[in-house]
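*Asks:* Structure incoming, see below.
The values are calculated or read from the model by the stated rules, or taken from the named source; none is laboratory data. Source: prediction; values computed, not measured. Cβ placement follows ideal geometry from the backbone for every residue including glycine, while neighbour counts extend to all protein chains displayed.
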Amino acid sequence: MKQTMQRILIVKPSSMGDIIHGLLIAEAIKTQLPKVSIDWVVRSEFAALVQAAAVIDHIYIFERSAGVGGFVRLIREVRTQRYDAVLDLQGLARTGILTLGAHAKRKLGRSDARECAWIGYNQKTPALPAGQPPHAVKILSAFLPVLGLQEELPRSLTFKTPDTPIALPEPAEGGKRVVVFPESRRAEKNWMGYESLTRWLLQQSTVGQVVWCGHVPFEAAEPIEDVRLINLTGQTGIAQLPELLKAADCVVSNDSGPMHLAAALGRPLVTLFGPTAPERFGPYPPVESRQRVIRRSDGDMSSITLAEVGEAVVSLLNV
């Protein structure tokens, strides 16, 4: 079956971290089926990132705010093409309906799909093992053997060069570049020590530049008068993130989409966890030599200390 597949549709509208996980699956498919064309259904706010992925040929925009009429238009657009397989990586009612409506021989869905999404499938991944659910990526990688492929994921994602690249100056005095994402989509996953961490990093001889990134503007409570700090928060597009992260000698982030992207690009990473479990939602692939995961199992991010985070960053910069 796999030798005859020419076109696949992936349905994974959101969120950013979940999309990064899905791109690992798409890249695995493309590696084993180099001639296959892969299309993707994605929400508009994440469309530029998916479009920038080297293995994606075409995207359909899921306009959540467009209501029922917009959803019907999306189904009609998808139905203009015929696919060998549709993969619903989301597993919710709307994605199950979309999968049902697509022209495809095989309609694959998650065994843990919710909201009766299974009505859209003629095949499902194997049931999850009892007990602690596996990592989110492992759940998605179960689609590969259903397609007749090896369950082998890429070491790194590949992206096209952005139309508007980020022009970063070289780090001062040949030092290392630390890229920091000081916010997360959920407030309870935020660590409040990034300003203090930045001041501390700028005092370290190994650090030549600290770059603040993220879609939400972030300012220091007290101005940091140092040209080695570059504040790009609120100024970078999502399609520019892969290039920016690849230029980092170390990335520091909460549990967030950029954290998942940094891990998927193989960047040295310090990531901070509180209410979420890194066993399920941590960096993937987990590589101990280039990752430091700091977690508070009681969910209290405020108890994470500057010393812990600073030591973790320096340990990666000195590898």
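*Asks:* List, please: which pairs have Cβ atoms under 8 Å, are six or more places apart or on different chains, and start with a residue in the range 139-160 that is farther than 25 Å from PRO242 by Cβ and end with one that is hydrophobic (A, V, I, L, M, F, W, C) and loosely packed, with under 14 Cβ neighbours inside 10 Å?
*Replies:* LEU147/MET1; GLY148/MET1
*Asks:* Further, regarding this structure: So which of ALA172, ALA127 is of a type in the set (Gly, Ala, Ser), touching a strand residue (DSSP E or B) at 6+ places or on another chain (Cβ under 8 Å) and exposed (fewer than 15 other Cβ atoms within 10 Å of the Cβ)?
*Replies:* Working: ALA127 fails: touching a strand residue (DSSP E or B) at 6+ places or on another chain (Cβ under 8 Å).
Every option except ALA172 fails the conditions.
*Asks:* Hey, another quick one. Is it true that GLY131 is modelled with pLDDT of 95 or more and either in the same structural domain as ILE20 (by TED's automatic domain parsing) or not charged (D, E, K, R) (or both)? Step through it out loud before you land on a result.
*Replies:* Working: modelled with pLDDT of 95 or more: no; either in the same structural domain as ILE20 (by TED's automatic domain parsing) or not charged (D, E, K, R) (or both): yes.
Spelling it out, it is not the case that GLY131 is modelled with pLDDT of 95 or more and either in the same structural domain as ILE20 (by TED's automatic domain parsing) or not charged (D, E, K, R) (or both).
*Asks:* Can I ask one more? Looking only at helices (runs of 4 or more DSSP H) that fall completely inside the range 1-97, which ones have 1 or more residues that are surrounded by fewer than 23 Cβ atoms within 10 Å (Cβ to Cβ), in the same structural domain as LEU244 (by TED's automatic domain parsing) and of a type outside the set (Phe, Trp, Tyr)? Lay out the reasoning, then the answer.
*Replies:* On the way: elements: 16-32, 47-52, 67-78.
Passing ranges: none, list empty.
*Asks:* Return the residues of the range 153-208 that are among the charged types (D, E, K, R) and either at positive phi or modelled with pLDDT of 95 or more (or both); say none if nothing qualifies. Spell out the reasoning first.
*Replies:* First pass over the range 153-208, keeping only residues among the charged types (D, E, K, R): 155, 160, 163, 170, 173, 176-177, 183, 185-186, 188-189, 195, 199.
Within the range 153-208, GLU173, LYS176, ARG177, GLU195, ARG199 qualify.
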